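Trainee: Below you'll find the structure I mean.
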Amino acid sequence: MEKKFKRTTITSALPYANGPVHIGHLAGVYVPADIYARYLRLKGEDVLFIGGSDEHGVPITIKAKKEGVTPQDIVDRYHGIIKKSFEEFGISFDVYSRTSSKIHHEVASGMFKTIYEKGGFIEQTNEQYYDETAQQFLADRYITGKCPHCGNENAYGDQCEACGTSLNPTDLINPKSAITGNAPVMRETKHWYLPLDQHEEWLRKWILEDHKEWKTNVYGQCKSWLDMGLHPRAVSRDLDWGIPVPLKNAEGKVLYVWFDAPIGYISNTKELCDNQPEKFGKWEKWWKDPETRLVHFIGKDNIVFHCIVFPAMLKAEGSYILPDNVPANEFLNLEGDKISTSRNWAVWLNEYLVDFPGKQDVLRYVLTANAPETKDNDFTWKDFQTRNNSELVAIFGNFINRAMVLTQKYFDGKVPAIGELTNYDRQTLAEFINVKADVEKYLDIFRFRDAQKEAMNLARIGNKYLADTEPWKTAKTDMARTATILNLALQIAANLAIAFEPFLPFTADKLRKILGLNSFNWKQLGSTQLIEEGHQLNAPELLFEKIEDDVIEAQIQKLLNTKKTNELDNYKPDEVKEQVSFDAFMKMDIRVGTILDCQRVPKADKLLQFKIDDGMGGRTIVSGIAKYYNPEDLIGKQVCFMANFEPRKLKGIVSEGMILSAEDADGRLVIISPNDTVKTGVNVG
RNA sequence: CGCGGGAUGGAGCAGUUGGUAGCUCGUUGGGCUCAUAACCCAGAGGUCAUUCGUUCGAGUCGGAUUCCCGCAACCA
């Protein structure tokens, strides 16, 4: 069933404004969304490409508190960084706004009100834990206690990470507030819920029957959610950062961030259309006209929100269209490890732009060529270098350079006349005309890596054509033939400028300038008459440059260094503990011992087992420093240890004391030793 | 048996509803010399981790096993 749409609204997940954007975000969401938007624009279709920062929610308030600034300071900082780096990277948003904007507050409130007035929410009063000292209700993550299943003392209110069981805060034994450490009290609080269970029936049909074309990972996850059964979901929170619930009896309540964020797509559209109505028309046509096609680009963590929750909201409101497709990607890893903002294991876009000026397209190319479309993939700097050097430089850039230099040499940079075509010429033409259909075929089903590969094939065809026809040889005997060959080669070059426009916009632009041409339309792709005879080309210029080993080495080193320095920079000494008396201190019996023997404890990565000479017959101590010391290096050294420590079993070994060590900012443990040799067994104090 | 993800030629990845295993890079040999030592051609290289099963037929479905990677645990 072919659906006819007049226009397309493309959204890309709103980045959360508590950190800069990294390559994982780009590969998963922004690069594919941008390729798609550019492709449709090039085809002359009516397109709107929406982006913006997501600026509410608890993590931002936590980060603000930690840095001693306001949440607004945090979001202002990161919104600025993110917006600027997107611009520089060539993500062609029609609008990039933010959820803290006035217009968004109005739209989100309005949406809530409409659904409320239609009876689309249910109201429920529950008892929830409240921290009386901090004067706030506690989110699930901010309550810890003993897990009722496995007895782990540090289970969270939503999940015990020791046994994996998911919990309710009320399941915890001896709950504590993670903010103050006090025992929280139960207090009544009222919240509004979106009854997803009431939407289950139409969602089931809409996704499982009407959208079988969705990517398997997306379809599969939706199916599994639907099969588990949907439950009402709270749309409000007790918090002071966010959009106030627009009702009279709702003091201190804000819209839950997942409810507020996707509405940002709509408010950003409204902001744009209100500012430029002559260009974009009324915002409603992008969201309420059934002839508009809505496409959400997201990462896999967002599938449920965009396929189930947000559609349920739109349906509950009543006047909106639903997404036609949700092409979600998997995750990108970095050098074999999961990308992590908190561990600073990432390549940050803003830093890449500084380290590799003018090389936006290289990153775009690599991220697309290795996009995590069907499973998690790995980004390595080595691969980045190889793809640049042996694909972009050697195939694409080199072909352009060859065609340009040859034309310069034999025809003073003027496009030569095309003459009689040989069979081989016709065969080559036939091949490259197919490229258009192939690229389109893949772009239409969101397979960007395959689409880009097809575009690259055009350059391969060009190289092969030159190698087979050998214009540098025919130039010695037959200038007319040489002219025909170079004319065709230049036509291929011009076609490359169109084919790569969605993928590598900076390069396409540069290529057009070298060829001295204006912008193209996608329909012209496949044409053999893009450049006219006699047209003057500009001086050849390299499209891409080789990236040398030392540059790559430096990036890898930087990755390791930033990780380390970040840990050190963030280090703050712990607060000084409660005072103790001299007597209390004297109760601790700290002594110097000599290590007689030291071995790894089997099946534990962190434990070392020591045999210590304490001057009193020796003792066994187990210590968690295996990651930082080799057992054999320690034998014979003197260490300080607690001698009257309560014995404790570790992995089945009784440890009689504790070896003292200092923990460095990065977690590295350093053993404390006397700085001159002393008699074994003497006291420290 | 803690939870989850994976295992396809040297590396990185594709393999749609089961029907002779593909792509890019690398590698070997050759060609070319216009080109950023780039380009073109030919070749080598895989029992699709192992194993049992369903089937006329399985990389593709089901069970078992092994190994790897995250997280967790051990770190008084």
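Each row is one residue, and each column tells you yes or no for (1) surrounded by fewer than 21 Cβ atoms within 10 Å (Cβ to Cβ); (2) over 15 Å from the mean Cα position of the chain (by Cα); (3) not aliphatic (A, V, I, L, M).
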| site | (1), (2), (3) |
| --- | --- |
| A:A27 | no, no, no |
| A:G44 | yes, yes, yes |
| A:G52 | no, no, yes |
| A:H56 | no, yes, yes |
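Trainee: Going through region A:336-360 one residue at a time, which ones are in contact (Cβ under 8 Å) with a residue 40 or more places away in the chain, within 12 Å of RNA strand B (Cβ to nearest atom) and either under 15 Å from the mean Cα position of the chain (by Cα) or crowded, with 19+ Cβ neighbours inside 10 Å (or both)?
Mentor: Passing the criteria: A:I339, A:R343, A:W345.
Trainee: Moving to a separate point now. From the residues in region A:379-424 that are among the small types (G, A, S) and under 19 Å from A:N495 (Cα atoms), which one is farthest from RNA strand B (Cβ to nearest atom)? Talk me through it step by step, then tell me what you get.
Mentor: Of region A:379-424, the ones among the small types (G, A, S) are A:390, A:394, A:397, A:403, A:413, A:417, A:419.
Retained after the next criterion (residues that are under 19 Å from A:N495 (Cα atoms)): A:394, A:397, A:403, A:413, A:417.
Working: A:A394: 3, A:G397: 3, A:A403: 8, A:G413: 13, A:A417: 20 Å.
Filtering first and then ranking leaves A:A417.
Trainee: Under 7 Å between Cβ atoms, at least 6 apart or on separate chains: pull out the pairs that start in region A:404-415 with a residue that is closer than 12 Å to A:I514 by Cα and end on any residue that is part of a helix (DSSP H, G or I) and more than 9 Å from RNA strand B (Cβ to nearest atom).
Mentor: A:M404/A:I514; A:G413/A:T407
Trainee: Let me ask you something else. Looking at the structure I just gave you, is A:E501 over 23 Å from A:G413 (Cα atoms), buried (at least 24 other Cβ atoms within 10 Å of the Cβ) and among the acidic types (D, E)?
Mentor: Values: over 23 Å from A:G413 (Cα atoms): yes; buried (at least 24 other Cβ atoms within 10 Å of the Cβ): yes; among the acidic types (D, E): yes.
Taking the combined requirement at face value, the residue satisfies it.
Trainee: At least 1 residues that are closer than 30 Å to A:E532 by Cα in each: list the helices (runs of 4 or more DSSP H) lying fully within region A:356-414 that qualify.
Mentor: On the way: elements: A:360-369, A:381-387, A:398-411.
Of the helices (runs of 4 or more DSSP H) lying wholly inside region A:356-414, those with at least 1 residues that are closer than 30 Å to A:E532 by Cα span A:360-369, A:398-411.
Trainee: Select from region A:431-445 the residues that are within 12 Å of RNA strand B (Cβ to nearest atom) and within 26 Å of the chain's Cα centre (by Cα) and write down the one among them that is farthest from A:I400 (Cα to Cα).
Mentor: Step one: list which residues in region A:431-445 are within 12 Å of RNA strand B (Cβ to nearest atom), which gives A:431, A:441-442, A:445.
Checking the rest, the ones that are also within 26 Å of the chain's Cα centre (by Cα) come to A:442, A:445.
Values: A:Y442: 25, A:I445: 29 Å.
Only one residue fits best here, namely A:I445.
Trainee: Being closer than 27 Å to A:T61 by Cα and either in contact with a strand residue (DSSP E or B) (Cβ under 9 Å, 6 or more places away or on another chain) or buried (at least 19 other Cβ atoms within 10 Å of the Cβ) (or both) narrows it down to one of A:L314, A:L294, A:L255, A:L322, so name that one. Before the answer, list the steps.
Mentor: On the way: A:L314 fails: closer than 27 Å to A:T61 by Cα; A:L294 fails: closer than 27 Å to A:T61 by Cα; A:L322 fails: closer than 27 Å to A:T61 by Cα.
Matching residue, one of A:L314, A:L294, A:L255, A:L322: A:L255.
Trainee: Oh, and also: Name every residue in region A:104-142 that is surrounded by 18 or more Cβ atoms within 10 Å (Cβ to Cβ) and of a type in the set (V, I, T), in order of residue number.
Mentor: Residues satisfying the conditions are A:V107, A:I115.
Trainee: Of (1) surrounded by 24 or more Cβ atoms within 10 Å (Cβ to Cβ); (2) among the hydrophobic types (A, V, I, L, M, F, W, C); (3) assigned to a helix (DSSP H, G or I), A:A64 satisfies all except one. Which?
Mentor: Among (1) surrounded by 24 or more Cβ atoms within 10 Å (Cβ to Cβ); (2) among the hydrophobic types (A, V, I, L, M, F, W, C); (3) assigned to a helix (DSSP H, G or I), A:A64 violates only (1).
Trainee: Sticking with this structure for a sec: Would you say A:L490 is surrounded by fewer than 23 Cβ atoms within 10 Å (Cβ to Cβ) and either more than 8 Å from RNA strand B (Cβ to nearest atom) or more than 17 Å from A:G526 (Cα to Cα) (or both)?
Mentor: Working: surrounded by fewer than 23 Cβ atoms within 10 Å (Cβ to Cβ): no; either more than 8 Å from RNA strand B (Cβ to nearest atom) or more than 17 Å from A:G526 (Cα to Cα) (or both): yes.
Considered against the rule, which asks whether it is surrounded by fewer than 23 Cβ atoms within 10 Å (Cβ to Cβ) and either more than 8 Å from RNA strand B (Cβ to nearest atom) or more than 17 Å from A:G526 (Cα to Cα) (or both), A:L490 comes out as no.
Trainee: Quick one: A:E454 ticks every box in (1) in contact with an Asp or Glu (Cβ under 6 Å, 6 or more places away or on another chain); (2) near RNA strand B (Cβ under 7 Å from one of its atoms) bar one, so which box is it?
Mentor: With respect to (1) in contact with an Asp or Glu (Cβ under 6 Å, 6 or more places away or on another chain); (2) near RNA strand B (Cβ under 7 Å from one of its atoms), A:E454 is out only on (2).
Trainee: Being aliphatic (A, V, I, L, M) and within 19 Å of A:T482 (Cβ to Cβ) is the filter here, so list the residues in region A:417-460 that pass it. Reasoning before the result, please.
Mentor: Of region A:417-460, the ones aliphatic (A, V, I, L, M) are A:417-418, A:421, A:429-430, A:433, A:435, A:437, A:439, A:443, A:445, A:451, A:455-456, A:458-459.
The answer is A:A417, A:I418, A:L421, A:L429.
Trainee: With a cut-off of at least 2 residues that are within 12 Å of RNA strand B (Cβ to nearest atom) and within 30 Å of A:N561 (Cα to Cα), name the strands (runs of 3 or more DSSP E) lying wholly within region A:615-668.
Mentor: Numbers: elements: A:619-623, A:638-642, A:648-650, A:653-655, A:661-663.
Because the criterion is at least 2 residues that are within 12 Å of RNA strand B (Cβ to nearest atom) and within 30 Å of A:N561 (Cα to Cα), the strands (runs of 3 or more DSSP E) in region A:615-668 that meet it are A:661-663.
Trainee: Let me ask something else about it. Please count how many residues of region A:325-335 are buried (at least 20 other Cβ atoms within 10 Å of the Cβ) and either within 11 Å of RNA strand B (Cβ to nearest atom) or part of a strand (DSSP E or B) (or both).
Mentor: Here is the first cut: in region A:325-335, the ones buried (at least 20 other Cβ atoms within 10 Å of the Cβ) are A:326-329, A:332.
Next, from what is left, pick out any that are either within 11 Å of RNA strand B (Cβ to nearest atom) or part of a strand (DSSP E or B) (or both): A:328-329, A:332.
Residues meeting the conditions: 3.
Trainee: Determine the pairs where a residue that is within 13 Å of A:D425 (Cβ to Cβ), located within region A:473-484, has a partner that is among the charged types (D, E, K, R) with Cβ atoms under 8 Å apart, the partner being 6 or more residues away or on another chain.
Mentor: Matching pairs, first to second residue: A:T474/A:R481; A:T484/A:E420; A:T484/A:D425.
Trainee: Could you please find all residues in region A:378-427 being more than 30 Å from the chain's Cα centre (by Cα) and at pLDDT below 90?
Mentor: A:Q427, the sole residue that qualifies.
Trainee: Assess whether A:A467 counts as being surrounded by fewer than 17 Cβ atoms within 10 Å (Cβ to Cβ) and within 13 Å of RNA strand B (Cβ to nearest atom). Quick ask: steps written out before the conclusion?
Mentor: Numbers: surrounded by fewer than 17 Cβ atoms within 10 Å (Cβ to Cβ): yes; within 13 Å of RNA strand B (Cβ to nearest atom): yes.
In short, yes.
Trainee: Taking A:F448 and the conditions (1) modelled with pLDDT under 95; (2) away from RNA strand B (no atom under 15 Å from the Cβ); (3) not polar (S, T, N, Q), which numbered condition does it fall short on, given that it satisfies the others?
Mentor: Among (1) modelled with pLDDT under 95; (2) away from RNA strand B (no atom under 15 Å from the Cβ); (3) not polar (S, T, N, Q), A:F448 violates only (2).
The values are calculated or read from the model by the stated rules, or taken from the named source; none is laboratory data. Given the structure is predicted, the values throughout are model-derived calculations rather than measurements. Ideal geometry is used to build each Cβ from the backbone, glycine not excepted, and the neighbour counts take in all protein chains shown.
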